[in-house]
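These notes are about the structure you will find just below.
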Amino acid sequence: MWPLVLQGVASGIVTGCVYALIAISLVIVYKSSDVINFAGGEMVMLGGYLGMFALLGLGLPYLFVFPFAALVIFAIGALFDRIVLTRTLRRAVPGQSVLVAMVIGTVGLSYVIKGAVRVVPYTEEVRRLPPISAGQPIFLGPVVLQHQDVAITLAAIVIMAALWAFFGFTIIGKALRATSQNPRAAALVGIPVRLMSMTAWGLAAALAGVAGVLLAPKLLLTPDSGIVVILALAAAIIGGFTSLPGCVAGGILLGVVQNMIGQFVSSRAISLAPFLVIMLVLLVRPQGLFAGRPTTKKV
């Protein structure tokens, strides 16, 4: 039994790291604009297709596929904030919240991305990217890891470490943190709030695109594969929707729980795992496992 448990934990950590990246992208948007990005799943899906185009169409190696997908989807996220959300804010009536309109805008973006992908030839066929790294399996005691799983985990860890350094030690990262915590105070000290918001949307979109490239060799790639955002939302809620470290812990926890349920209960029950964990967490700690004290906010 223990070998199965250890194997399930190891496999869960691999997928959980990718869930964590998507969850971080959602939290970055939420902290910068109070908006849940319902187009996050479609950005993940688009990242997978851009990776396929770069690999098979342009002949790029995987080392260049990640920045290619990140740059393209960064531009999409930044332009969406600049063109749609900025105009929505400018037309807001004083004293009236525009959050609902902004959320609807993200829903519209998700349909635009999905519709644009569907009109491209051959995208209706189920596809999967080649493995990121091939080779003989790696044996760690009773645990067997594929080279691809190790590469995905290492890539996710490097990206999360880079984000930690970016937000903690760079001027732009500190400006983004200040803007997310108090936009008015940030504007008073000279931080360009709208530019920071556009940067946050672009960064979040780029993260989702990179996560899509990481997931594409493991999951089937279709225009509807953006449904994976539900798992990222679950990871963010579990860890705390305002906590970036919580997203990492929530994603890994969700990945492990999914694998455990699939191995010891039924593969059909895997889809229930995120909702089961969410309900348990909300009963015990409604603000999430790693968030601070709950606060009351007027909307």
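Each reported figure results from applying straightforward, stated rules to the coordinates on display, with no laboratory input. As the structure is a computational prediction, the values presented were derived from the model and not from experiment.
Along its first, second and third principal axes, ordered by size, region 176-221 spans 48, 15, 9 Å in Cα coordinates. Near K31, which aspartates and glutamates are there with a Cα under 17 Å away, not counting those fewer than 8 places off in the same chain? Of all the aspartates and glutamates, those that pass the test against K31 - Cα under 17 Å, at least 8 places apart if same chain - are D81.
Comparing Cα centroids, region 75-154 and region 1-43 end up 12 angstrom apart.
Looking only at P274, P286, P223, which one moves most when the chain is put into a Gaussian network model with springs between Cα atoms under 10 Å? Maximum fluctuation in the GNM of the chain, among the listed residues, is at P286. Rank G168, G12, G135 by mean-square fluctuation in a GNM of the chain with C-alpha springs under 10 angstrom and give only the top-ranked residue. Of the options given, G135 has the highest mean-square fluctuation. The largest-to-smallest principal axis extents of the Cα set in region 143-223 are 54, 30, 14 Å. Above 19 Å, the calculated P(r) of region 2-116 contains 57 percent of its Cα-Cα pairs. Dividing the helix sum by the residues of the chain, where each DSSP H run of 4 or more adds -39500 (n - 2.57), gives a mean residue ellipticity at 222 nm of -22000 deg cm²/dmol. Here the Gaussian network model covers the chain, with springs between Cα atoms less than 10 Å apart; of R82, R128, R268, R268 fluctuates the most.
Overall shape of the chain was characterised from the C-alpha gyration tensor. The equivalent ellipsoid obtained from it has semi-axes of 31, 24, 18 Å, in decreasing order.
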